[in-house]
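Below is one structure, written out as structure tokens; the observations come after it.
The values are calculated or read from the model by the stated rules, or taken from the named source; none is laboratory data. Please read these numbers as outputs of a predicted model, since none were measured by experiment. Cβ atoms come from the backbone with ideal geometry, glycine included; neighbour counts cover every protein chain shown. Note: areas computed on protein heavy atoms with side chains; ligands, DNA, RNA excluded. Shrake-Rupley method; radii C 1.70, N 1.55, O 1.52, S 1.80 Å.
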Amino acid sequence: MANNFRYYSPTEVIFGKDAELETGKQLKRLGASHVLLVYGGNSARRLGLLDKARKILEEEDISISELGGIVPNPRLDKVYEGIRIGKEDKVDFLLAIGGGSVIDTAKAIAYGLAEPEYDVWELFRHTRTAKKCLPVASILTIAAAGSETSKGCVITNEKTGEKRAYDDNLARPKFAVMNPEYTKTLPDYQTESGCVDIMMHTMERYFTNGGNMEITDSIAEALLRTVMANAIILHDNPCNYDARCEIMWAGSLAHNDLTGCGNDGGDFMSHKLEHEMGGMFDVTHGAGLAAIWPSWARYVCRDCLPRFVRFARNVMGVTSEGTDIEIAEAGIHAMEQFYHRIGMPVNMRELGIKPSDHQILDMANRCMAACKNRTGSAKKLTLEDAVEIYKNAR
Ligand code: NZQ
Ligand code: ZN
């Protein structure tokens, strides 16, 4: 039976070739007068997007401040720096040029500027909730995290090694500019990690013991099949524009909550377990998910068997006969083969990390503390379960 749900996805999407040319008009229409441009290492500059954005904003008489150098697994110190700049320059709009790390930094700065009397990290420690947030928008350069339309924001406190999420509709971006042309320069590893992350955002919502709706499941399965087919195309031909389009749009749909309507809000334990790996070892998010998912899936599949059987049949194309558990296992194995096909790891060794028993216990403890009482839907995990899943993924 379907659960009650609310679906709120207010982000205007401007998609396709030359989409970035709309940015100035959009900002003007939304009343921006002083924009903080947020970007990463080199890609925004190399792509020419930074110069383009500066020019477009100047043409609209919009003042600009800048914060560059955002790194993957984005850091809290950059958020504080952005808040400082934003206060001094009286910034009233944030424009991120980049991917999830850059957009999440912009969101966190936007929270900090809207309520300057508080420390923004309190949101990520879940000791208070936000009441306000400045408007945020993005020019997306990598299809992966889905932050361009999501309510999520993930920041790493570099001092404590904690990578923490704060989810709130307040931070849903006002608009997202998506020109898939700009994703052609991505290193293969980033493209493929992005594809895994996109799939995982849907799979986290699919493998649940909550309510179900056929329309939601069918959208989810089509999305997963489409991403797999196009990930393989891009692995062999990274410049295929149509495949770039499919993946980019899937990235937004996978994490704007569309594939969760009617279920119980999702499992999200693969994400929570991976965030600790990101906090401790600074791994690429999507690749980290690929490394932990098979272990999680084998550990929980008996507790969510009908979903795993359906997944094996409808997504992974398993046609062999057998018991339900054999079919579920065949589906998990087929996913591992797909990960390998696109150059992704299926365990931590292949990911390039080797956590000790002590580090695993530390990650499991931190993960449980961060989850509070939401420790999964396919199976509600305990500390001992988390330790086993990490160990089995080594
Ligand atoms: O720093 P630059 O030079 O920009 O390079 C970036 C970065 O090294 C590069 N890149 C981006 N666009 C490019 C490009 N290189 C060449 N050509 C381009 N067009 O890609 C690298 C990765 O960028 P990043 O922004 O880190 O990627 P992604 O979008 O995968 O974001 C990952 C972050 O988002 C978080 C993850 O945990 C991670 O911190 N997530 C955010 C979510 C959300 N806000 O809803 C949900 C996700 O589950 C996820 O947790
Ligand atoms: Zn993710």
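What are the extents of the Cα atoms of the stretch 12-182 along their three principal axes, in Å, largest first?
42, 30, 25
Under a 1.4 angstrom probe, counting protein chains only, how are HIS358, HIS255 ranked by accessible area, largest first?
HIS358, HIS255
Let me make sure I get this right: for the stretch 180-292, a, b and c are the square roots of the gyration tensor eigenvalues over alpha carbons, sorted descending. Under 1.5 in a/c it's rounded, otherwise prolate if a/b > b/c, else oblate. Which is it?
oblate
On a C-alpha basis, how far is the centre of the stretch 10-72 from the centre of the stretch 263-330 in Å? Whole number, if you could?
Going from one Cα centre to the other spans 37 Å.
Taking a threshold of 19 Å on the Cα-Cα distance, which of the pairs LYS78/LYS163; LYS87/LYS132; LYS55/LYS132 fall above it?
LYS55/LYS132
Please report the accessible area of SER43 (heavy atoms, 1.4 Å probe, ligands and nucleic acids excluded) in Å², nearest 10.
Roughly 50 Å² of SER43 is accessible to a 1.4 Å probe.
Would you grab the residues whose amide H sits under 5 Å from the one on ARG394? Only those 5+ places off in sequence or on another chain, please, with H modelled 1.01 Å from N.
For ARG394, whose amide H was placed from the backbone, the distant partners under 5 Å are MET348.
Considering only DSSP beta bridges whose two residues both sit in the chain, what percent are antiparallel, to the nearest 5?
15
In Å², and per residue, what accessible area does the stretch 12-182 have when probed at 1.4 Å with the other protein chains present?
39
Which of PHE15, PHE311, PHE93 moves the most in a Gaussian network model of the chain with Cα springs under 10 Å?
Comparing PHE15, PHE311, PHE93 in a Gaussian network model of the chain, the most mobile one is PHE15.
Once the Cβ-Cβ distance between SER63 and LEU21 is put in as r, and R0 is 22 Å, what FRET efficiency do you end up with, to the nearest 0.05?
Working from the Cβ atoms, E equals 0.65.
In deg cm²/dmol and to the nearest 500, what is the mean residue ellipticity at 222 nm of the chain if only DSSP H runs of at least 4 residues count, each as -39500 (n - 2.57), divided by the residue total?
Rounded to the nearest 500, the figure is -15500 deg cm²/dmol.
Please report the carbon-and-sulfur percent of the accessible area for the stretch 12-182; probe 1.4 Å, protein heavy atoms only, DNA, RNA and ligands left out.
47
May I ask you to work out the translational diffusion coefficient for the chain at 37 °C, viscosity 0.692 mPa s, via Stokes-Einstein with Rh from the Kirkwood sum over Cα pairs, reported in whole µm²/s?
155
What are the trypsin sites (Lys or Arg not before Pro) within the stretch 67-137 that DSSP puts in a loop, where the Cβ has at most 10 other Cβ atoms within 10 Å?
Sites meeting the loop and neighbour criteria: LYS132.
Counting only DSSP beta bridges with both residues in the stretch 12-182, what percent are antiparallel, rounded to the nearest 5?
Percent antiparallel among DSSP bridges in the stretch 12-182 is about 15.
Accessible area, 1.4 Å probe, largest first: how do PHE281, PHE175 sort?
Result of the area sort, largest leading: PHE281, PHE175.
Rg to Rh for the stretch 188-392: what is it, with Cα atoms only and Rh by Kirkwood?
Ratio of gyration radius to Kirkwood radius for the stretch 188-392: 0.95.
Might you work out the accessible area of LYS55 for me, using a 1.4 Å probe with all protein chains in place, and round it to the nearest 10 Å²?
Number for this one is 120 Å².
I'd like the accessible area for THR191, computed on protein heavy atoms only with a 1.4 Å probe and all protein chains in place. Round to 10 Å², please.
10
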